[in-house]
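Only one structure is covered here, and it is reproduced in the block below.
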Amino acid sequence: MTLSTISPTTRRIVLSGFFFLTGICFASWASRIPDIKMQLGLSDGAFGGLLFFLPIGSFLGIPISGTLTARYGSKKIVSIAAIVYPLALVALGFANTTILLAITLFFFGMAGNMFNVSVNTQAAALSKLFDKSITSRFHGFWSLAGFSGGVLGGFFVAHAISPLQQFVLVALVGWTFLFFTHKYLMPGEPNKNHVAKLWTKPSPLMWQFGLIAFSNMICEGMMFDWSGVYYKDVIHASDTWRTTGYICFMACMTTGRMFSDKLINYWGPRKQLMLSGLVVTLGLVIAVSYPHLLVSTIGFMFVGFGVSSVIPTIYGTVGRNAAPGRASIDLASVSSLGFFGFLIGPPIIGFLSQAIGLRWAFLSVALLGIVTFLQAHRLKKYL
C-alpha cells in the first residue's frame, strides 16, 4: 500500500489505536502499583526511590528516541516500540526483588519514551493531511486507555489475578494489534543524513512550553501512581473502592480531551490553559481538604477535567511556533520534558509522603496548577 491508497481516516483510526496501546501499558502498571508495593513490603519512601528508576530510563532514552526517530522514521520506531514496551511491562510482572524491579523500571521508562516520541511524531505528520486540529483526540485515546487500565486493574484485583497475568494479557493483545495494523502508519520520512547528537537544546520558547508540559504531567503521573495508594492509606477505602478516584479522574480527562478542540476553537488556547491550571488547583484542594470517598472523588474529577486539554494544546502550539525544519525536533524535546515530569512526579511524591504525609504531598502539587496559569498568561504572544 502507498500513501495515496490509504485514506487519512484509516491512518487516524490506526494511530489512535497505538496511542491507546501506549496508555494501556502504562495504566496496567499503574493500576497494580499498590499490589507490587505490598508484595515487596516497601515503605512510601523506599518505593518512591525505586520509582525514580523509571524517569531515569526515560531521560536517558530521550537522545536515543529522538535520534532513532529522525534517522529511521517514526513508522519503524513505533513498530519497534510497540514490541519492546509491552515486553518491558511483562518483565515488571516477574520483578520479585527490589533490584530486579529497579532494572525493569529503567527499561520500561526508556521504552516508554521511545513509544511516546515516535507516536507523537506520527501524529504531527498525519495532522498535515487534515484541515482541523486532531491532536486532542489522539491524547483522548491515551486517556481512554488509562481509564480502561484502571477498570481492568480493579477487576483483576477483585478476582485475585496477579499483575504478571494481567501484563501478559495486555502484551499479547498489543502485539496482535501491531501485527495487523503497522502497515497503515505514516511512512515517517527517515533522514539518513541525520547527525546523531546526545542532546539537541530546545529554544527558549520551547523551554517555556516545556515547563507547562512538565508541570501538568507531574500531576498526571501522581494521579496514575498514587491515587490508589491515597484511597487506601488516607481515605481508608476498601479494595472494592480503591480505584474509584483513579477511574473517575481518567473518565473526566478522557471526556475533556474528546471535546477540548471545540473549546480551544471557541475561546483560544491561552484562556483554555489558564482555566485548566485553576481547575487543577481547585480539584486538589477539594480532595485534600476533606479526605472522604465522595469528596475526594469529586476533587479528582476536577483534576481530570483540568489536565485534559493542557498537553494536546501545548503540542499543537509547538507545531505552530516551531522554526522551519525543527517541528519534529521541538515536539520531541517538549514531549520528552513533559513525559519526564510524568515519570519523575511519582517518586517525588513518595519522598514527600515519607516526609510530610501523602495528603500534604498531594496538596503541594496544587501549586503546579498556578504555574500553568502564570505561564499561559506570560506566553500571550504565542498562544
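Computed quantities for the displayed model
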quantity: Check on residue 158, of a type in the set (A, V, I, L, M) and touching a residue at least 40 places away in the same chain (Cβ under 8 Å); calculated: yes
quantity: Hits in the range 31-52 - residues which are touching a residue at least 12 places away in the same chain (Cβ under 8 Å) and not hydrophobic (A, V, I, L, M, F, W, C); calculated: 31, 32, 34, 35, 37, 39, 43, 44, 45, 48, 49
quantity: Every residue from the range 320-368 that is of a type in the set (Ser, Thr, Tyr), surrounded by fewer than 24 Cβ atoms within 10 Å (Cβ to Cβ) and at pLDDT 90 or above; calculated: 364
quantity: Residues of the range 37-49 satisfying the condition of being crowded, with 21+ Cβ neighbours inside 10 Å and within 16 Å of residue 106 (Cβ to Cβ); calculated: 47, 48
quantity: Qualifying residue in the range 247-259 (condition: closer than 28 Å to residue 321 by Cβ, among the hydrophobic types (A, V, I, L, M, F, W, C) and surrounded by fewer than 21 Cβ atoms within 10 Å (Cβ to Cβ)); calculated: yes
quantity: Near pairs, Cβ below 9 angstrom, 6+ apart or cross-chain, from the range 94-107 (under 15 Å from residue 37 (Cβ atoms)) to any residue that is in a loop (DSSP other than H, G, I, E, B) and at pLDDT below 95; calculated: 98/42; 101/95; 102/52; 102/95; 104/95; 105/52; 105/95
quantity: Out of 304, 283, sole residue that is out of contact with any Cys (no Cβ under 7 Å at 6 or more places or on another chain) and crowded, with 18+ Cβ neighbours inside 10 Å; calculated: 283
quantity: Positions within the range 28-45 being at pLDDT 85 or above, of a type in the set (Gly, Ala, Ser) and in contact with a Phe, Trp or Tyr (Cβ under 8 Å, 6 or more places away or on another chain), in sequence order; calculated: 28, 30, 31
quantity: Residue in the range 260-273 that is nearest to the chain's Cα centre (by Cα), counting only those that are buried (at least 18 other Cβ atoms within 10 Å of the Cβ) and among the hydrophobic types (A, V, I, L, M, F, W, C); calculated: 273
quantity: Those helices (runs of 4 or more DSSP H) lying entirely in the range 280-383 with at least 1 residues farther than 26 Å from residue 33 by Cβ and touching a helix residue (DSSP H, G or I) at 6+ places or on another chain (Cβ under 6 Å); calculated: 310-321, 327-356, 358-378
quantity: Residues of the range 128-171 that turn out to be among the basic types (Lys, Arg) and either within 22 Å of residue 85 (Cβ to Cβ) or touching a Phe, Trp or Tyr at 6+ places or on another chain (Cβ under 7 Å) (or both), as a count; calculated: 1
quantity: Number of the exception - residue 275 against (1) of a type outside the set (D, E, K, R); (2) over 22 Å from residue 139 (Cβ atoms); (3) modelled with pLDDT of 90 or more; (4) assigned to a helix (DSSP H, G or I); calculated: (2)
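Residue by residue, here is whether (1) out of contact with any Pro (no Cβ under 7 Å at 6 or more places or on another chain); (2) aromatic (Phe, Trp, Tyr); (3) modelled with pLDDT of 90 or more holds:
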residue	(1), (2), (3)
170	no, no, yes
174	no, no, yes
181	yes, no, yes
205	yes, no, no
222	no, no, yes
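The values are calculated or read from the model by the stated rules, or taken from the named source; none is laboratory data. Nothing here was measured: the structure is a model prediction, and the numbers come from that model. FYI the Cβ positions are ideal-geometry reconstructions off the backbone, even for glycines, and counts take in every protein chain you see.
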